[in-house]
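The values are calculated or read from the model by the stated rules, or taken from the named source; none is laboratory data. The model shown is predicted, which means the values in this text are computed figures rather than measured ones. So basically every Cβ, Gly included, is an ideal-geometry build from the backbone, and we count neighbours across all protein chains shown. Keep in mind that these areas ignore ligands, DNA and RNA; they rest on the heavy atoms of the full protein, side chains included. Shrake-Rupley method; radii C 1.70, N 1.55, O 1.52, S 1.80 Å.
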Amino acid sequence: MQTVYYGSLGLWLALVDGLVHSSPSLDQVFDAEILGFSTPPGRLSTMSFVLNALTCALGLLYFIRRGKQCLDFTVTVHFFHLLGCWLYSSRFPSALTWWLVQAVCIALMAVIGEYLCMRSELKEIPLNSAPKSSV
């Protein structure tokens, strides 16, 4: 799931950077000060994180497939992202907007992933109703 998380986040950030002709940077992924609502790059990065949460919800459906485990995997992915941000910037993320964006992304990824997995789990199991062969 970590690979899905960073792979899709990289794709969303590259797409957004390409649309506004901005240069990509690891700061967009790991620097807590970048995320925010007051600057255009901050809004674009925030949008990329939210779109990434939706993409990762699909990853939960295809790789986890269990509704009960979606929250566990979501929190684990974001916990490792917290550690990555902490190691990258050498300081604990203290920006309120970073925490708000992460909380919204955790909620979106877990709820939508769980919904998709539960829908998949509740599908009707087809029973083969072919007639028995006479012996």
Two-decimal log10 I(q)/I(0) for the chain, as the Debye equation yields it once each C-alpha is a single scatterer, q = 0.13, 0.14, 0.17, 0.20 Å⁻¹: -0.57, -0.64, -0.88, -1.13
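Would you mind getting the accessible area per residue of the chain, heavy atoms of the protein chains only, 1.4 Å probe, in Å²?
Details: 8660 Å² over 135 residues.
Value returned for the chain: 64 Å² of accessible area per residue.
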In Hz, Karplus ³J(HN,Hα) per residue of segment 110-120 (6.51, -1.76, 1.60; θ = phi - 60°; x = Gly, Pro): 5, 5, 5, x, 5, 4, 5, 5, 5, 4, 5
Phi to ³J(HN,Hα) by Karplus 6.51 cos²θ - 1.76 cosθ + 1.60 over segment 51-67, Hz, x for Gly, Pro: 5, 5, 4, 5, 5, 5, 4, 5, x, 4, 5, 7, 9, 9, 6, 10, x
Carbon and sulfur %, accessible surface of segment 22-135 computed with the full protein complex present, 1.4 Å: 67
Charge dipole magnitude, Cβ of K and R +1, D and E -1 - segment 1-122, Cα centre, debye nearest 20: 280
Value of [θ]222 nm, deg cm²/dmol, for the chain, DSSP H segments ≥ 4, -39500 (n - 2.57) each, nearest 500: -22500 deg cm²/dmol
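Just the ratio, please: alpha-carbon radius of gyration of segment 1-81 over 2.2 N^0.38 Å, N its number of residues. Could the numbers behind the result be given before it?
Details: Rg = 13.3 Å, N = 81, 2.2 N^0.38 = 11.7 Å.
Against the empirical 2.2 N^0.38 Å value, I get 1.14 for segment 1-81.
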